[in-house]
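Take a look at the structure below.
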Amino acid sequence: MRWRCLTAVSITVSLLCQSGCVGGGKSTVVVTDRDTDTVWVRVLLNAGSAYDPTGKEGLAFATATAVQWGYGSLARGTLTDRLAGLSAQIDVWVDRAVCGFDGRCPRAAWPEFSELFVSLFAEPQVGNEGIAYIVADQLSALENLRSDDARLARAVLQQRLYGDHPWAHPPEGTDHSVLDLLPSDIRDFWSTHYVSSGLMLGLAGNISGSEAGRFRQSLTDVLPSGKTPRCEPPAAAVDGLQVAIIEMPGQDPRSLLVGCPTVIVRGDTDFPAFQLANAWLGRHGGRLTELLDDKRDISFVCWSYVEHTEPYVETDVLTSGRPRAAQCFFIETQPAPVNTAFILNIILAELDELTARDIPTAGLDSARGYLAEHTRATAAHPAYRMGMQLDARWLGLSGFTDGITGALETTSAGDARRAVKRVVDPNNLVVVAVVPSGQALASQIMRHQISYSYPEGINRLDLRSEDLVYLAYTPNWDPRKMRILGADELFR
């Protein structure tokens, strides 16, 4: 067996962190693996959509687009050709707190790729033609958001969780705010938010610490100086069962989300226990999949998440996600509209049960094994380790952490239930459903007249006693906290 050599080097110049205010700082993480022929790079900046000025929602997204398209150094469209010639890739994403730039290239292409990567961060030279391209691209992204039931449901969940806080609007902004963007807005945002003091850099693969130091210096030289911006994370809370039913007629939408804010994030002592409960509930082959897919075949998949992720950004960088000082726990599934109310009742009943009773021993052992295997499989990848360390630095945690290593074997069923009770209150949740007819679903929910249908091959009689329990579960619905929205009206 050939052993792979993974060397983690953390070059920390300074880490700016204070109570309730995280992110930023001059920190570089390097994970060297000489057995791979690839180099991965990640840049994090405090330039997420939470920093959009009022009335200019979508500005962070537009600035990242300008940087990605090479408006500081390249003619539009040439970046794609140059990356193709290097067999390389650069993905740019904008989340609430941070903006991220993920790159990958073969080792042999690193000198040219690194120079190209750095050149993107020069001051964007966006004129009237450039802003027209960016605005058109962003309006198209918003239109795509409104037509994608899964993404739209997630965006509305964030809106309902965070209310008037800047985290509530999608990174793409709104049609109205995007149309008001000017070239000077992009240059101003770059000069105040793409500052070198807020740069966090990660490198992984066939790369040395000295090369990382030179690369960081090149980035620092091209970025403006200034104070790292800060945006306080939201103190989200849910009052009652808040329901947003989104009508998307003319298609076959099938998205259902149930979520709430969580006080348990990486670094919390209950994080391993919460991860364990989540793995039992919502992993592939977990409790919800067993109930909805294996037994009833009424939903292809049902997952739960302890941290927010975006499903539509593809990247080869196997990192842990997007660091957030405030997170939400949510369950996501894609039921046929005829079964949405029934599946919602099952999910709420199971959450109620999870807060009241311990997970069965067999289920706990299965979830523990799943997490242990998943950790082993991913932690060996240098880019994943790099991403985890960057997240830990951004969150103000010392050293490397994946949140669960070393704690799985000692976490009990009681620990898991206690962690769930800190987060989940079945009477205080946000429900988002995307369906063809909002009134039909609202009527089933409020009148508690739930209909459902099983596909051919499912013996309804075998499930009758269990179904009656789920049908008898009566959530505390309040008609004043239910809204029916048109998909086409959102984020205008």
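Taking the number of other C-beta atoms within 10 Å as the exposure measure, put L490, L276 in order starting with the fewest. Don't skip to the answer; put the middle values down first.
Working: L490 18, L276 26.
Going from sparsest to densest Cβ surroundings: L490, L276.
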* Asked: What ranking of V431, V424, V263 emerges when the number of other C-beta atoms within 10 Å of each C-beta is taken as an exposure proxy, fewest first?
  -> V263, V424, V431
* Structure fact -> Taking r as the C-beta separation of D81 and S465 and R0 as 56 Å, the FRET efficiency to the nearest 0.05 is 0.35
* To do: When a/c is below 1.5 the answer is rounded, else prolate if a/b is larger than b/c, else oblate, so apply that to the range 347-395 with a ≥ b ≥ c taken from the square roots of the Cα gyration tensor eigenvalues.
  => oblate
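Once every DSSP H run of n ≥ 4 in the chain is given -39500 (n - 2.57) and the sum is divided by its residues, what mean residue ellipticity at 222 nm do you get, rounded to the nearest 500 deg cm²/dmol?
Numbers: 15 runs with 184 residues, N = 492.
Helices in the chain give a 222 nm mean residue ellipticity of -11500 deg cm²/dmol.
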* Structure fact -> Note on the range 87-128: alpha-carbon gyration tensor, axes a ≥ b ≥ c; rule is a/c under 1.5 for rounded, else prolate if a/b larger than b/c, else oblate; result oblate
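Does the range 6-222 classify as rounded, prolate or oblate by the C-alpha gyration tensor (a ≥ b ≥ c root eigenvalues; a/c under 1.5 gives rounded; else a/b over b/c gives prolate, otherwise oblate)?
Numbers: a/c = 1.77, a/b = 1.42, b/c = 1.24.
The shape class here is prolate.
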* Asked: So in the chain, what percent of DSSP beta bridges are antiparallel if you round to the nearest 5?
  -> 70 percent
* Structure fact -> Between the modelled labels at S140 and Q217 (7 Å from Cα along Cα→Cβ) the distance in nm is 4.1 nm
* Which whole-number percentage describes the relative contact order of the chain, with Cα contacts under 8 Å and a sequence gap of 6 or more? -> 21 percent
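Given 0.36 nm per residue, what is the gain on full extension from F300 to N476 after removing their alpha carbon distance, in nm?
Numbers: separation 176, 0.36 × 176 = 63.36 nm, distance 2.76 nm.
Value of the extension gain: 60.6 nm.
Subtracting the Cα-Cα distance from 0.36 nm times the residue separation, let me have the gained length for S119 to D239 in nm, one decimal. Provide the component values of the computation, followed by the final result.
Working: separation 120, 0.36 × 120 = 43.20 nm, distance 4.78 nm.
Here the answer is 38.4 nm.
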* Asked: For the residues D239, D148, what sequence is obtained by ranking on other C-beta atoms within 10 Å, fewest first?
  -> D239, D148
* Asked: Taking K421 as the anchor, which aspartates and glutamates have their alpha carbon closer than 14 Å to its alpha carbon, excluding any fewer than eight residues away along the same chain?
  -> D270, E350, D352, E353, D358
* What FRET efficiency do you get for Q439 and S208 if R0 is 56 Å and r is their Cβ-Cβ distance, rounded to the nearest 0.05? -> 0.35
* Asked: Residue by residue through the range 431-441, which ³J(HN,Hα) values in whole Hz follow from phi under the Karplus form 6.51 cos²θ - 1.76 cosθ + 1.60 (θ = phi - 60°), with glycine and proline marked x?
  -> 10, 10, 10, 10, 9, x, 10, x, 5, 5, 5
* In whole Hz, what ³J(HN,Hα) sequence does the range 409-415 give by Karplus (6.51, -1.76, 1.60; θ = phi - 60°), x for Gly and Pro? -> 5, 9, 7, 9, 4, x, 4
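Read-outs: derived from the displayed coordinates by stated rules, not from any lab. Computed from a predicted structure; not experimentally measured. A quick note on method: Cβ atoms are made from the backbone with ideal geometry, for glycine too, and the neighbour counts reach across all protein chains shown.
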